[in-house]
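To keep things clear, I will list the structure first and then write my remarks on it.
The values are calculated or read from the model by the stated rules, or taken from the named source; none is laboratory data. Nothing here was measured: the structure is a model prediction, and the numbers come from that model. Counting neighbours? That spans all protein chains shown, and the Cβs are built from the backbone with ideal geometry, glycine included.
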Amino acid sequence: MIEKPPEMVIDGKAEVVGSNRTAANSAIDHAKQVAVMAAAVSATRENHSVPVFIGPGSGRARVLLAGYDGRHVTPVQRDENADHALAESNVVRGLATIDEWSGAALALSTNAINGEHLAVPLEADDDAITGVALVGDVSVMLMHRGFVSAGERSEILWFRYSPHALKSLPSHF
């Protein structure tokens with residue numbers, strides 16, 4: 001039996017019940033209004049390695065690597081939801097701190113972690129996400145010229161969510 005719906009944490013600060021659209025939309029709108037991007041972040045996946053580049057900027061942040069699966073569907077076999085399926089989006093499979101960033105340009109490389117997809121968020125001391133990159137597979141990037149614009153859109157979406165609650169990101173992510 002599920003005692004509490006999944007939590008959504010927006011911008012590392014606002015906590016809402018994931019099924020409460022009104023509260024989630026309000027928190028997301030507020031995060032958009034006060035959004036501050038500390039630095040540009042880019043990253044690629046090259047086999048089992050993840051090279052990361054963070055441009056110069058302001059502030060300090062932990063450089064995280066988050067691994068997540070796009071979608072899981074779990075059949076429910078008991079209680080009031082028996083014979084239904086629970087669909088979960090962006091399920092976290094791993095989360096690791098890979099370095100610290102202090103405002104100067106930083107190039108680093110780390111090993112990939114579990115997850116179909118990877119992201120590199122910058123998390124400030126107050127848990128706010130101040131920069132992010134969705135990690136692209138270098139072989140796919142070479143074939144897809146539109147990746148940069150898609151990455152820019154993804155940065156905006158990731159900027160609003162904390163890695164502590166990646167498991168409950170909305171399915172439109």
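Observations on the structure shown:
- Residues (loosely packed, with under 15 Cβ neighbours inside 10 Å and either among the charged types (D, E, K, R) or in contact with a helix residue (DSSP H, G or I) (Cβ under 8 Å, 6 or more places away or on another chain) (or both)) located in the range 70-98: Arg71, Arg78, Asp79, Glu80, Asp83
- Check on Ala23, assigned to a loop (DSSP other than H, G, I, E, B), at pLDDT 85 or above and not polar (S, T, N, Q): no
- The criterion of being at pLDDT 90 or above, in contact with a Lys or Arg (Cβ under 9 Å, 6 or more places away or on another chain) and of a type outside the set (D, E, K, R) holds for Ala112.
- Any hit, the range 15-38, residues being in contact (Cβ under 8 Å) with a residue 24 or more places away in the chain, buried (at least 19 other Cβ atoms within 10 Å of the Cβ) and in contact with a Gly (Cβ under 8 Å, 6 or more places away or on another chain): yes
- Each residue in the range 100-109 was checked for being surrounded by fewer than 17 Cβ atoms within 10 Å (Cβ to Cβ) and either in contact with a Cys (Cβ under 8 Å, 6 or more places away or on another chain) or closer than 14 Å to Leu64 by Cβ (or both), and 2 of them qualify.
- Some residue of the range 97-111 being more than 21 Å from Ile129 (Cβ to Cβ) and touching a strand residue (DSSP E or B) at 6+ places or on another chain (Cβ under 6 Å): yes
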